[in-house]
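None of the figures in this text is laboratory data; all of them are computed from the coordinates on show. Computed from a predicted model, the values in this text were never measured in an experiment. Ideal geometry is used to build each Cβ from the backbone, glycine not excepted, and the neighbour counts take in all protein chains shown.
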Amino acid sequence: AQKVTQAQTEISVVEKEDVTLDCVYETRDTTYYLFWYKQPPSGELVFLIRRNSFDEQNEISGRYSWNFQKSTSSFNFTITASQVVDSAVYFCALTSTDSWGKLQFGAGTQVVVTP
Amino acid sequence: NAGVTQTPKFQVLKTGQSMTLQCAQDMNHEYMSWYRQDPGMGLRLIHYSVGAGITDQGEVPNGYNVSRSTTEDFPLRLLSAAPSQTSVYFCASSYGQGREQFFGPGTRLTVL
């Protein structure tokens, strides 16, 4: 069985602060993919990043960065110098060879950025 | 490309009524899925398809039916609506194994 845990329900920060969202996953497969999605208040789901289990390099895209550590089964997401537009719910998700077609989501973390 | 489209955007049903949520994609994606989103629970998979004519159950399939007669369309049928099916429903599609899923705008369903 697969599982994705996002232990932080809500994080509140003041603009320009950094914020890190935790994601811990469980899978028995050696080949799997991890994802982060953003859901702004308007409700749509926006794909942010995809990472496969064989690539542990950290990734940076503008103010966003991701830290993938297989040793701790974590795929954490950091927003640097947060902005009000970053206010959203962020979901971590997992799929694997045992379940292609199925995306297992975490419960999500609500990020609130105040000016 | 319109991407993934869903209709209707909003729907109110009475208990026991049936209806079909429509989903279509124009990206020639093999994989399509239906999720429901409830507060505090993330998105849960209802049914999915890995190609035309092939469907399978997800985590919460009871009360829902699907079929996939074409690559483009993946309708979700509620057989006899119940208040527990009040939720936001998202359809998604992807190129294939391990690829990111693209989501439709969602359908907000209320069952009275």
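Tabulated values for the structure
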{"item": "Sequence-distant residues sharing a close amide H with residue A:108 (under 5 Å, placed H)", "result": "A:6, A:92"}
{"item": "Residue mean of other protein chain beta carbons inside 10 Å, B:101-110", "result": "3"}
{"item": "Kirkwood Rh (inverse of mean 1/r, distinct Cα pairs), chain B, angstrom", "result": "13.8"}
{"item": "Cβ crowding within 10 Å averaged over residues, with A:65-71, B:31-37, A:75-81 ranked highest first", "result": "B:31-37, A:75-81, A:65-71"}
{"item": "Cα centroid separation, the range A:63-115 to the range A:21-39 (Å)", "result": "8"}
{"item": "Interatomic Cα distance distribution for chain A, bins of 5 angstrom, percent", "result": "2, 12, 24, 24, 19, 11, 5, 2, 0"}
{"item": "Mean separation of Cα contacts under 8 Å, 6 or more apart, over the residue count of the range A:1-54: relative contact order %", "result": "31"}
{"item": "Distribution of pairwise C-alpha distances over the range A:19-84, 10 Å bins, in %", "result": "18, 52, 25, 4"}
{"item": "Phi to ³J(HN,Hα) by Karplus 6.51 cos²θ - 1.76 cosθ + 1.60 over the range B:81-98, Hz, x for Gly, Pro", "result": "4, 10, x, 5, 8, 5, 5, 9, 10, 10, 9, 9, 9, 8, 5, x, 3, x"}
{"item": "Computed magnitude of the charge dipole of the range A:23-72 (debye, nearest 20; Cβ of K, R +1, Cβ of D, E -1)", "result": "80"}
{"item": "Computed over the range A:26-115: relative contact order in percent, which uses C-alpha pairs under 8 Å that are six or more apart", "result": "30"}
{"item": "Peptide A:103-114, shielding by other chains (average Cβ, 10 Å cutoff)", "result": "3"}
{"item": "Computed log₁₀ I(q)/I(0) - Debye formula, equal Cα scatterers, no solvent, the protein assembly as shown, q 0.12 Å⁻¹", "result": "-0.66"}
